[in-house]
Amino acid sequence: MSARYGMVIDVDRCTGCGSCMMACAAENNVPALPQATARTGLTPLLVRKVSDGNHDESRREAFIPIMCMHCEHDTPCVKVCPQQAVEVDEATGIVMQMPQRCLGCRYCMTACPYHARYFNWWDPAWPPGMQKSLNPGVAVRMRGVVEKCNLCHARLHSAKEKAAGAGKREIDPADYVPACVEACPTNAIHFGDLANANDPVAKEAHSAQAFRLLARLGTEPKLYYKSNEAWVRALAEPNSPQASEVQRG
Amino acid sequence: MWKWVASDAINEGGAMKVTRRDLLAWSAGAAAGLLATPVPWKVLDDVSIWSQNWPWIPQPARGPVEVKQSFCTLCPKGCGLRVRMAAGWAVGVAGSSTHPISRGALCPLAFAAHQLNWHPQRLRSVCHGSNRSTWADAQAAFAHASKEGPLVVIDGYPGRAASSVLESFAEKQGGSYRVFAPAELRALASYERWTGIPAASLGYDLENANTVISFGAPLLDGWGTPGRFTRLWAERAAGMRDPQLRLIQIDSSLSRTAARAWQWVEIREGSESALASGLAGALHEQNLVPAHSPVPSMTLAESAAQTGMSVERIRELARLVVAKTPALVIARDDDPAVAALNVLLGSLGKRGGIVRHSEQVKPYVAAESVIGSARAVLIDASVPWDFVPQTNAEIFRFAAWDGGGTKADWLLPAPGFLEDLTDLPTAPGCSALTYGVAPALVKATSEVQSAAQFLCSLDGSLPTTAKIIDSRCQDLFRRREGSVYAQEIFEMAKFTSVQTFKEQLLKGAVWAGEPTASPEFHCSLKEWPTRTRAVAAESWATEWRAPVMPPLASKLYQESGLRESPSRRNA
């Protein structure tokens, strides 16, 4: 039976420290180039700051990690890719990006409603010797291709190899934990199989506090957020009055 | 002999004559026809692939992958690490969930700390002024200077085995050993003055507090051991309307901690001491604290005027402070008025307050930037880079990275991240004693020496760091107190030999003692402190003050707007 990996991010627990961003970049050998800016940089996971719009002591702020939502239905990036470089993995539900096939046309970036895709403008480069500190499980992507979160697919491979080595078909869930989930100091990011009704994450995704960004588009994103704050939940739809006050970090 | 001449063939008949126009037409037709074949598209595709896969595209290290436990040594917090190693190099860092204090959490910089050893500003050779020099020259110069006159040794991470070497050397030379303490330790200095108990042996019992009032301390942004309070807050406060742990953040701006606190109290910048005095006055006014405790001379109205708050808001805050006890007040830095609030609330030596974890820690002399008469100053690599002593003495500065703009006469390359054997004493502000040992996991990429190694090579009678660690392990083993946190938690009584205990520590286990609320915790504070000190909200990014940042930190500063860049902040 196929899995549907997804996440529930507890926005009330996020302190916006950025550990998830750093762990993601280090795990996936994302280069940090001196010429990169907020427009041209590579941040497969980006923490955005939002506020309730108040300007006095009652003002509240929250932090929302944004990454590929791994849309299940009519996945926009899959539909527009002329190279078949993007596909939804049937076994896992992960939206996979294949840099070897990518032409760099960036249609997918335009189509993505979450702006969760990034273009590799430059050859990846590190200071001399620093390539020895790269993760050997992940190949460095070349210039001219689009990148995004793939739920640390290399870790899924390792978990599968370990299971196969032990003569098992199913992986141990403890062996497959994306880097951002592992790094979060407040355990705000929960990862699991949404197709498994017994998985705590699947239960959490159906709680009253859970919401998805732009759910009305019908793309069935597999990233859920949750919050006890009504103004945070209102951010799910950009046309709501609260969301119009959002200040992006 | 037959000879083919083109002009002959062309001139044989008018129909066969090829003009320049024919040639151009043929070429255009061929070009148009070629477009109908896959050739140009295939060539275009191949060119794009070839140009994307230049041989100099970086290739990760190859080799067997293993995971080792260790500790972060970038700052004195000593968080537990799981280090992924490939071909002898560190290729990934994650938090170790078995560490009893950090509990698997790290600050953002630690995730890219393994890249720091390859930083372009890594100090790889001895520098004398602007010239390259040798270790032999540096040793000769230091030996000469330390014989000529008084020596000052400055340490930024006291309590290590290496610190003992530094202190012993300074004592033998008749010099002085001083400590540049982190903010968490400086914030405890007032209690040292009032109780006589060294600040380094005091800690905050956060785990048992029900209300925490932070005067600008970035509790959710790297204060203390980063994982300690954030984990507690996530479990007992995050998202709750009436949390078990109430965090009241007093800040002049909506900092990260203020944004996630149960309540944010906005005050004017630098008016923390005035608010502390106002709160003390409001507590007395409403009979919420014992009448015999110190009373501030500042009135509520004066406090309100200075802080920008209303008198009624200060009274309301005073009621909130005592509504759910134990209540613990935390200052960002040394602020006697804020510290005195804990005396008023009876939080000294109590569960959920300020506790003493050891009776063996010695007080230290704080390092000031103005150094009196000295012939030589030796600065350990653990001292923040921007600590520049004002002195005419010859400065010997150890550092793993060159942050630029130094006034040191000698820059001496120190071991980088995980390149040196070191031990990790209790982190500042912890309520329980801990001890860990970080082995040298990776080989140094250049010829480096720690300050302790440097001094041991000058004076053979000094014990080495390894020997001191060995004797400390023996002491802990003999005392048979506390527990060892590895994959499981072992009581000390279960260890049959010091070797097995030390082996566990070298594999990344942590020894932890029990917190002690000392009954003899006597406080001599009789009058409300008048000295005030302005504090400003800071975070780990300003507190660590490393000479360089890991390149990946640009994800936070440059490639996103999540944090303000250090260069912009300092500008």
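Key figures for this structure:
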| item | result |
| --- | --- |
| Convex hull per residue volume in Å³, alpha carbons only, for chain A | 142 Å³ |
| Principal axis box of the protein assembly as shown, alpha-carbon based, largest edge first, Å | 125, 69, 58 |
| The protein assembly as shown - mean residue ellipticity at 222 nm from DSSP helices (-39,500 (n - 2.57) per run, n ≥ 4, rounded to 500) | -7500 deg cm²/dmol |
| Cross-link pairs B:443/B:467; B:77/B:324; A:203/B:555; A:160/B:68 - those with Cα-Cα distance over 26 Å | B:77/B:324; A:203/B:555 |
| Given charges at beta-carbon only (K, R positive; D, E negative), |dipole| of the stretch B:385-493 in Debye | 220 debye |
| Largest-first principal axis extents of the Cα set of the stretch B:343-400 (Å) | 47, 26, 23 |
| For chain B: relative contact order, % (alpha-carbon pairs under 8 angstrom, 6 or more apart) | 20 percent |
| Distance between the stretch B:183-258 and the stretch B:77-126 - C-alpha centres, whole angstrom | 25 Å |
| For residues of B:113-125, the mean tally of beta carbons on other chains within 10 Å | 3 |
| Centre separation in Å (Cα based) which lies between the stretch A:64-133 and the stretch B:133-166 | 53 Å |
| P(r) histogram, all alpha-carbon pairs of the stretch B:350-502 included - 5 Å bins from 0, percent | 2, 7, 13, 15, 17, 16, 13, 9, 5, 3, 0 |
| The stretch A:22-98: radius of gyration and largest Cα-Cα distance (Dmax), Å | 16.9, 52 |
| The stretch B:202-280: radius of gyration over Cα atoms, expressed as a fraction of 2.2 N^0.38 Å | 1.06 |
| Point-charge dipole on Cβ atoms (K/R +1, D/E -1) for the protein assembly as shown, about Cα centre, debye to 20 | 1040 debye |
| DSSP beta bridge pairing in the protein assembly as shown, given as percent antiparallel to the nearest 5 | 55 percent |
| Only Lys, Arg (+1) and Asp, Glu (-1) charged, at Cβ; the stretch A:163-243 dipole about Cα centre in debye | 220 debye |
| Shielding by partners, peptide B:35-43 (average Cβ within 10 angstrom, other chains) | 0 |
| Partner chain coverage, peptide B:86-94 - average Cβ within 10 angstrom | 5 |
| Which of B:56, B:264, B:412, positive extreme of dipole for chain B (C-beta unit charges) | B:56 |
| Extreme residue, positive dipole direction of chain B, given options B:384, B:83, B:510 (C-beta unit charges) | B:83 |
| Size of the stretch B:371-423 as Cα extents on the principal axes (Å, biggest first) | 35, 24, 15 |
| Equivalent ellipsoid semi-axes - Cα gyration tensor, chain B, angstrom | 58, 33, 25 |
| Cα-based Kirkwood hydrodynamic radius, the stretch B:261-303, one decimal, Å | 11.2 Å |
| Radius, Kirkwood style, for the stretch B:276-405 when every pair of distinct Cα atoms is counted (Å) | 18.4 Å |
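Here, each number is a calculation from the coordinates, and none is a lab measurement. Keep in mind that what you see is a predicted model, and the values were worked out from it rather than measured. Quick reminder, even Gly has a Cβ in these numbers, built from the backbone with ideal geometry, and neighbours come from all protein chains shown.
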